[in-house]
Amino acid sequence: MKFPLILIAALACSSLAYSQSKNNESTFPEGKNAWKEYLKNNLRYPEEAKKAGKYGTVFVEYNTNKDGYVTNILVRKSLDSLLDREAMRVIATMPQRQPDVPHLMRVPISFGVDDTKEFERKADSVKKARLERMNVLTKAERMPSYPGGNKALNEFLEDNLKYSKSALKDGKSISVLVEFIVNPDGSLSYIGIKRSVNSQLDAEAMRVVNMMPKWKPGTIQGQPVAVYYVQPIIFKGKDHYNDNAGEKNRYPSFHGGQKYLNDFIEKNIEYPQAAKNDSIEGRVFVDFIVNTDGKISDARILTSTDTIFNEEALRIVNSMPKWDCAKKKGDKIAMRYAIPINFTLNDKKDCHPLFPGGEEELQEYLHNEIKYPLEALITETNGSVVVRYTIDEKGKTTDVELLNPAPEVLFREVKRAIIGMPKWIPGKKDGKVASTRCTMHIKFVHPKDKHITAKRPHYKFEFEPFFR
């Protein structure tokens, strides 16, 4: 599919030095392919586990805090102590992500599992060709969605799914993947099973999907289109953690919560003098066991940016008061946990401007706001527009200037969109709010092979930030 307009936006903050990473639906800054490459280059299959024939997938859960750092690593589904520890280590060494709203992630880390699945790939290739012949897309500018969103969908499934717990293997939760086409009118067709569990649950998943009301269809250029979609139907077992689980199931936690943990570390940490003298900053991940009595034991260094901090990080963890231990089915259990200990010099307080809502919201704003000017469409004008602008101390965008030879009509459109931006969270220099000069690059590609109308044509949006 060709996209007539490509927008490439880039920000450059000249007064500050910092790195930026992309936050998306995968677990890695640059996307799924980069995540796979990261695992390929950093995950080490322990030789002892390999010789013992141990293989499989460890599910690791962790938090990303507001600064874009990984915290609170926990093995959600254990496989083997050696493999568990390696999975935790590779998560702990992930690069910083784009600062964002703190959120929880759960990822699979596989050891010795053949994920090529050649047969499935061939089957998917055949399916893709068939969908193309039917003029059905696998991706759209706006994907289909259940009316009312995920909350409404979950409520619908909760109200309508009927099944015997005996159909679940070992009483554990399991999901059936159902595939279907969401037509332009929102109706569902070609409903089938993409991943089977057993005949009873497969049939129930099909029955419930067939009961669903019309969905909101996917769209291209604002027009509804047919889209292929895969929906997991979850059959909840006795192991399912939900809002009603209360104190029956819980993870280890510092008494009082994360804020109290941060306060304890901040008040008790003793910055190594040698590191302070050389202005060295760092981060150490320490993993440990929270026993049933809440006491900490077996604290070890999981990963460290500099060994100069290791001794102090272990001292901090070993000096902690009792935690609230983990529980499973209401019973107290010992569980291994990992937390970061950050060593940051207080006199370094620079930070870059942040668009309200983060990078994704900035992309969304530019995607919706910048329009291909009608004058440029009629005259078949295209080209790149590189501008520099200021984000002042109040977060307002001002002083937009053109940096490259570009058509005036395109510059006016970019300038209009930048001036109309909502207020940013301003940057800081040496701990004080400061204005920042930024650079943005927008590329317009004329849709010569498309019908020219006053309506904004469809385009692909790519956001590639850089800083200087």
Of all accessible heavy-atom area on the range 300-346, the percent that carbon and sulfur account for (1.4 Å): 46 percent
Amide H contacts under 5 Å for Ser435, placed H, 5+ residues apart: Glu393
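How large is the Kirkwood hydrodynamic radius of the range 142-287, in angstrom, based on all distinct alpha carbon pairs?
Over the range 142-287, the inverse of the mean reciprocal pair distance is 19.5 Å.
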C-alpha center-to-center spacing [the range 36-92, the range 394-431] in angstrom: 42 Å
Potential extension, Ala334-Lys32 segment - 0.36 nm per residue separation minus Cα distance: 105.3 nm
In sequence order, calculated HN-Hα J values of the range 198-205 (Karplus, 6.51, -1.76, 1.60; Hz; x Gly/Pro): 7, 4, 5, 6, 4, 5, 5, 4
Sequence-distant residues sharing a close amide H with Ala326 (under 5 Å, placed H): Ile333, Met335
Inter-part distance where the range 184-226 and the range 323-338 are each reduced to a Cα centre, Å: 40 Å
Karplus-derived HN-Hα couplings along the range 320-335 (A = 6.51, B = -1.76, C = 1.60, θ = phi - 60°), whole Hz, x at Gly and Pro: 5, x, 4, 8, 7, 6, 6, 9, 9, 6, x, 9, 5, 9, 7, 8
Globularity index of the range 278-394, i.e. its alpha-carbon radius of gyration over 2.2 N^0.38 Å: 1.88
Cross-link pairs beyond the 21 Å C-alpha cut-off, checked among Lys267/Lys394; Lys36/Lys194; Lys396/Lys432; Lys394/Lys428; Lys172/Lys327; Lys172/Lys322: Lys267/Lys394; Lys36/Lys194; Lys172/Lys322
Placed amide H near Thr138: partners under 5 Å, 5+ positions off or other chain: Tyr228
Nitroxide proxy distance, nm - points 7 Å out along Cα→Cβ at Ser164 and Glu380: 7.1 nm
Per residue, the convex hull volume that the Cα atoms of the range 397-448 enclose (Å³): 101 Å³
Per-peptide average of other Cβ atoms within 10 Å, ordering 307-316, 382-391, 157-166 highest first: 382-391, 307-316, 157-166
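The values are calculated or read from the model by the stated rules, or taken from the named source; none is laboratory data. Bear in mind that the values here come from a model prediction, so they are computed numbers and not experimental data. Note that we place each Cβ from the backbone using ideal geometry, even for glycine, and neighbour counts take in every protein chain shown. We work out accessible area using only protein heavy atoms, side chains counted, and drop any ligands, DNA or RNA first. Shrake-Rupley method; radii C 1.70, N 1.55, O 1.52, S 1.80 Å.
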